[in-house]
Amino acid sequence: MKLELRSLVSLKVSVIVAFVLIWNAGLLFAMYLGGGGLSGGLSPIGMKVTGAVCLAVCLFSLSVAALKPVQAALVAPSRAGNFNSKEFYFLAFVSGALAVSRFVFPAIGNGGNAI
């Protein structure tokens, strides 16, 4: 399976900018809650926030890949020819796996500490 970046950038510029800003803000917030600031590890609550961000990315990717009304609203008409849903399904799979790992690993952690 060959994945192409141009399918991911077929979204409108405002959607891409909003996605990157929300992704980075969510992960920065998770690092802030981690207790160690930007240089420390993630606490269980930080892991849950990271999992929630990844879950949001998974749901966003699935909606872009599967729902025609969402595609019509978010894909730029000038780049609609580059759109292919398989890249968004792949992104949904990866972010979904990360979300599951973020919710499961704190439960497995040694003495309440995140792995």
Subset of region 49-90, residues buried (at least 19 other Cβ atoms within 10 Å of the Cβ), part of a helix (DSSP H, G or I) and not β-branched (Val, Ile, Thr), comes to Gly51, Cys54, Cys58, Phe60, Ser61, Leu62, Ala65, Leu74, Glu87, Phe88
The residue that is farthest from Ala76 (Cα to Cα), considering only those in region 1-18 that are open to solvent by less than 70 Å² (accessible area, probe 1.4 Å) and in a helix (DSSP H, G or I), is Ala18
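The values are calculated or read from the model by the stated rules, or taken from the named source; none is laboratory data. Just so you know, these numbers come straight off a predicted model, no measurement behind them. Virtual Cβ from ideal backbone geometry, glycine too; neighbours counted across all protein chains shown. These accessible areas exclude ligands, DNA and RNA; they are computed on the full protein's heavy atoms, side chains included. Shrake-Rupley method; radii C 1.70, N 1.55, O 1.52, S 1.80 Å.
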